[in-house]
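Chemist: Provided herewith is a single structure, encoded as structure tokens, for subsequent inquiry.
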Amino acid sequence: MLEQAASIAAFVGQGLVLAGAIVTIIGSVGVLRFPDFYTRIHAASVTDTLGAGLIIVGLVLLGGGFFVTVKLLIIWGLILITGPTASHALANAAFTSHVKPLGRGDLRQPSASDEG
Amino acid sequence: MLVAAALAIFVSMSLMLVRAFAGPTTYDRLLSVNSFGSKTVLLIGVMGFANGRPDFLDIAIVYALINFVTTIGILKFFRYRTLEVSLSTRRRAVADASGERPDA
């Protein structure tokens, strides 16, 4: 029974790690493709927090002893505190140095019917 | 499975490097460097578990701390153009740096 529970935990842990890695890739593609600094910071900060949480909870489920679990939880706490703080500091610094957000209509491409 | 996750994190770090080189403003570059650092923390953890020797988590903790301090420090430098400003008394320090007399 105990071995079965351990194998189930390892399976779920690997799934969570893979899900976190996929979320991380999605965030990086968002940072590459979004048109504006503020949209990019949104993509990066949200997916960093979610992906780090998923990966670290998955690694905890994979198991490695008491101290490894404690270290992983310390890393999770650090990322949960520092990630949003750094993102807020970045957005605040960009806004106070007059980086403009995109306005309405900035993204409209001239279509074929407009040109005709 | 863990190796696939490590490869995925590596690919996303490469995409972050592309944004760091291409980013039009300083803040874009700084955002991508910050995100690169937190992905490095995750990569260290996943690689340790994939090798079956998760002893490098201490390095990951230190990396997370250094990443945050680096971001805040670079932001402060690009705002005040010096690191010799205490963030709690910045008004007087900025007045000193610009040659004005600080308010009594």
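The values are calculated or read from the model by the stated rules, or taken from the named source; none is laboratory data. A quick note: this is a predicted structure, and the numbers were derived from the prediction, not measured. Quick reminder, even Gly has a Cβ in these numbers, built from the backbone with ideal geometry, and neighbours come from all protein chains shown. Surface accessibility is based on the protein's heavy atoms, side chains included, excluding ligands, DNA and RNA. Shrake-Rupley method; radii C 1.70, N 1.55, O 1.52, S 1.80 Å.
Chemist: When only Cα pairs under 8 Å and 6 or more residues apart are kept, what is the percent relative contact order across the stretch B:2-97? Display every interim value, and only then the final one.
Modeler: Values: 70 pairs, mean separation 21.1, N = 96.
Averaging sequence separation for qualifying contacts and normalising by length gives 22 percent for the stretch B:2-97.
Chemist: On a 0 to 90 degree scale, rounded to 10, what angle separates helix A:2-33 from the longest Cα axis of chain A?
Modeler: 20 degrees
Chemist: Sticking with this one: Hey, what did chain A get for relative contact order, percent, Cα under 8 Å, at least 6 apart? Could you put the intermediate results ahead of the total?
Modeler: Details: 88 pairs, mean separation 32.9, N = 116.
Computed over chain A, the figure is 28 percent.
Chemist: Calculate, for chain A, the solvent-accessible area per residue in square angstrom, rolling a 1.4 angstrom probe over the heavy atoms of the protein chains.
Modeler: About 59 Å² of surface per residue is accessible.
Chemist: Is there a simple number for the mean count of other chain Cβ atoms within 10 Å of the Cβ of residues in A:73-86, and what is it?
Modeler: For peptide A:73-86, the averaged partner shielding equals 5.
Chemist: Under the rule a/c < 1.5 gives rounded, and otherwise a/b versus b/c splits prolate from oblate, where does the stretch A:20-97 land using the Cα gyration tensor?
Modeler: Note, shape of the stretch A:20-97 comes out oblate.
Chemist: Counting only protein heavy atoms, what percent of the accessible surface of the stretch B:2-97 is carbon or sulfur at a 1.4 Å probe?
Modeler: Ligands and nucleic acids excluded, carbon and sulfur reach 67 percent.
Chemist: Let me ask you something else. Let's see if you can work this out: charge +1 on each Lys and Arg Cβ, -1 on each Asp and Glu Cβ, no other charges. What is the dipole magnitude of the stretch B:2-97 about its Cα centre, in debye to the nearest 20?
Modeler: 400 debye
Chemist: Let me confirm one metric for peptide A:37-44, namely the mean number of other chain beta-carbon atoms within 10 Å of its residues' beta-carbons.
Modeler: Numbers: counts 6, 1, 0, 7, 5, 0, 2, 9.
Counting other chains' Cβ atoms within 10 Å and averaging over A:37-44 gives 4.
Chemist: Mind ordering A:94-102, A:81-89 by average Cβ neighbours within 10 Å, highest first?
Modeler: Details: A:94-102: 12.8, A:81-89: 17.7.
Going from most to least packed, we get A:81-89, A:94-102.
Chemist: Roughly how tilted is helix A:37-62, in degrees to the nearest 10 and between 0 and 90, from the longest Cα axis of chain A?
Modeler: 10 degrees
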